[in-house]
Each structure stands twice: as C-alpha cells, then as structure tokens.
Amino acid sequence: MNWISSIIVVLIIIYIILAAYLFFFMTNNALFWRSSKYVIPFGREEGTQERKQLENPRIVYWKCTNPSHTGWVILFHSWARNSSRMVSRGQIYWKRGYSILLVDARSHGQTYFAKYSTALAFASDTITITEKEGINDVIVHGLSFGSFASLIFTYKSKINVRGIVSEATASHLSSLFNDFLRATHMPRLLFGWIPKLILSYDFPWYEYSPVNLLPKFNIPIFLIHGENDKMFLVKEHFELNKTALKGNEKAFHWIVPDSKHSKMALHPEYVGRVEEFISIIEEN
C-alpha cells in the first residue's frame, strides 16, 4: 500500500502544480516568456524614436515618428509577447509614412510585472499615453490579446480612431479560458473550476466582449482570422464577430487559408490585403 500512497501523493502534487500554473497563465504572463531583450527598429535610422515610460505603474512605450508622418498607428501585441511581435506588421505602416506607437502591456516586455494583466489595463494605459503625448487621429491594429485591447481602446478613448485591424479576435471574453483548456487539451473535469473562479471576478466581461463592442463602431474595420486557429475557432468566434458587423458597410473580413492562431502575417497575401484596407481608411 505504501507505493500506492506514494503514487497518489505524487499525482496530487503534480495536479496542484499544474493547476497553479494554469491559473497563473490565464491571469498573467509567465516570467520565462517575459523577454525584454529586443530592439524596435522604427525611427532609429530615419525619423525619431523615443523610448519612454509612465510611472506608478511603470509602462514602457516607444514613440516612433516617421519623417514623412502621414498619421499615427497604435500596435497592440499578443499575450505573452512584447512590442517586437508587431514589428513586421508595423513595417507596412512605416513604409506608408505612418508614425508608430508601441506599448508593452503590464507584465510583458520591458513593462513592470503586475499582479494581473488584462486587455482593459492595456487599453487604459495606452489611452493615458496618447493623452500625455497629444496623439490623435489614429489607426489601431491588434493581435489576439492585443485585438481585445485595441477594441476597448477605441470604445473608451476620446481621440479619433480612423480604422481598426483586428486579428485573431475571440467573440466573447468569457469563453477565453475554456478555449485555452480545450486548445491545450486540459480536461475541464479537472480544471474547469479555474475559468469559473476567474469569471467570478468583478470585471465587465459582457460589456467589453468584441461581439458587443464591434456593433458600436461605424468606422472601417478589418477582421482577420486564421482558418486553422485552434485557440479561437472560426465558427465560434470569427463568424459571430462577422455577424456583429453586419450593419457596418465599412467592415471587411478575411479568413486566412491554412493559418494558425496569430500566424496570419506569414501568408503571402497579408501585406497586400492590409495595404488595401489602409487605402480605404485614407479615402474616408
């Protein structure tokens, strides 16, 4: 019986460690993914680049002014990444003369480590930065976690948002955590209590869900989603968001063939499609 007891104890310990990790990952960015060693290229050779930060809390951001300066773009990075994740996307705008604002979300990149990291905090910090820097008339472009922040930013900010590019966007914030369990093949029977606990927090899950925010915007919007996105399934997320935009004649959408979650920029048509959308924004 001793060996059976030992196995049970080991299994319980493994479960506790795994559950703790899952809970932490769903509410914050794991330390070993918090890379701070990267360089933002915009404004280093032409134009200007300023690495700045807000204090209390310390939020790091890059204000990159294009020498041609045709307007501003704000790029919102994905979960567990940093501003460098958006460099390839930013190059599209930089070549067209846009200046770029990049912000590291709480507990990401070079920004301080927080107890919690949320899309609402990401959006709110960026609003504070735009007010401080006097930035207005912007295009916002977000990826996954960053797409939620970009939509909340557009909803809450008082500045003029000219257009939105929203990639790999879930329809409901309340489904994020169960989707993560499904995508990582973690049994809900054992770990389903974690999403329930998180969703019990006092947070506006319904109000800030993309499917509820998107109908509020009457500006050009481009939804991009990977055909093989295992995290946010097309039928359960993209299709609902697409339906939410039915009343917006300035809304566009693209299911990227064979693309996985957040990998859409690798498709050979990606740059051309985004440039077409930027041209539509510029014509409005």
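For the reader, a short list of remarks on this structure follows.
- From the list GLY163, GLY146, the lone residue that is part of a helix (DSSP H, G or I) and either within 23 Å of VAL271 (Cβ to Cβ) or hydroxyl-bearing (Ser, Thr, Tyr) (or both) is GLY146.
- For ARG89, the requirement of being under 30 Å from HIS261 (Cβ atoms), surrounded by 19 or more Cβ atoms within 10 Å (Cβ to Cβ) and in contact with a Leu (Cβ under 9 Å, 6 or more places away or on another chain) is met.
- Filtered residues of the stretch 71-84 (kept if open to solvent by 40 Å² or more (accessible area, probe 1.4 Å) and modelled with pLDDT under 95): TRP79, ARG81
- Of the criteria (1) modelled with pLDDT under 95; (2) under 24 Å from VAL274 (Cβ atoms); (3) in contact with a helix residue (DSSP H, G or I) (Cβ under 6 Å, 6 or more places away or on another chain), which one TRP205 fails: (2)
- Looking across the stretch 39-64, just one residue is among the hydroxyl-bearing types (Ser, Thr, Tyr) and open to solvent by less than 40 Å² (accessible area, probe 1.4 Å), and that is TYR61.
- Among (1) open to solvent by 80 Å² or more (accessible area, probe 1.4 Å); (2) farther than 27 Å from LYS158 by Cβ, the one test that VAL271 misses: (1)
- The set of residues from the stretch 92-119 being outside any loop (DSSP other than H, G, I, E, B), open to solvent by 10 Å² or more (accessible area, probe 1.4 Å) and under 18 Å from VAL39 (Cβ atoms) comprises just one member, TRP94.
The values are calculated or read from the model by the stated rules, or taken from the named source; none is laboratory data. Everything numeric in this text was worked out from a predicted model, so none of it was measured. Don't worry about glycine lacking a Cβ; one is built from the backbone with ideal geometry, like all the others, and counts go over all protein chains shown. Areas reflect the complete protein model, heavy atoms only, side chains present, ligands, DNA and RNA absent. Shrake-Rupley method; radii C 1.70, N 1.55, O 1.52, S 1.80 Å.
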